[in-house]
Each structure stands twice: as structure tokens, then as C-alpha cells.
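Remarks on the structure that follows.
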Amino acid sequence: MKPWALPLRRGSRLLLLAGVLIVWAPFLLLVLSLAIARLTGCEVNEARANPCRVAGLDIGGLLYRMMVMGWLVLPLLPFMALTLIGGVVAGMVALVRAWRP
């Protein structure tokens, strides 16, 4: 077994990864919408969808929906914290296993 690998079966690892992605998806969509709005010079807020033309397409509604997904971050914060704590613990375990003779 590789020293950095978690002692989980493949199906368990995939399920764990899927759970982490589901928990972090609203936050990632929020950050992505803000980054796209900044890069394109568009205004995005949760009050309403503002028009935003990029290459002839209006992506204002899409940016608005992505930003509103950020509200799901509030109820998911405890689970996001658990994933961060679990990641730190898994990293520490991997380091200890790697340093052991």
C-alpha cells in the first residue's frame, strides 16, 4: 500500500470524493461566477440578473443563478468545515506513515 493512500476501498474513496464535491459545489459556483463577472466587466448581484454580453451571448442569467447558489453555503458550512478537518487529519496520517521506517 502506498504510504499516502487512505485505507479505504475504491468505492468508498469515490463516494467520499463525491460527497466532498457536492458539499463544496455551491461555494465553487459562487467564486466562479464572481471571477467570470470580474474578468468580463459585468455586474452580478443577488438582487436581479443584469445583462452581460460575452461573444454575443447574454450570460447575465447564468451568472445570477451561479451567484444565488452561494446561499447554499450557509447551511453547508458545518459540513465544509468537517471536510477541511478530515483533509488535515488525512494529511497528518499520511505524513506520519511516510516518515515511519
Sorted on mean Cβ neighbours within 10 Å (highest first), peptides 66-76, 42-52 come out as 66-76, 42-52
With a 1.4 angstrom probe the carbon and sulfur portion of accessible area for the chain, in percent, totals 73 percent
Per the rule of 0.36 nm per residue minus the C-alpha distance, extending residue 93 to residue 74 adds in nm 3.9 nm
Taking a probe of 1.4 Å and leaving out DNA, RNA and ligands, the chain shows per residue an accessible area in Å² of 76 Å²
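Contour minus end-to-end for residue 54 and residue 40, with contour as 0.36 nm per residue of separation and end-to-end as the Cα-Cα distance?
So the extension gain works out to 4.3 nm.
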Cα-based Rg then Dmax for the chain, in Å, read 19.0, 61
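The values are calculated or read from the model by the stated rules, or taken from the named source; none is laboratory data. Computed from a predicted structure; not experimentally measured. Note that we place each Cβ from the backbone using ideal geometry, even for glycine, and neighbour counts take in every protein chain shown. These accessible areas exclude ligands, DNA and RNA; they are computed on the full protein's heavy atoms, side chains included. Shrake-Rupley method; radii C 1.70, N 1.55, O 1.52, S 1.80 Å.
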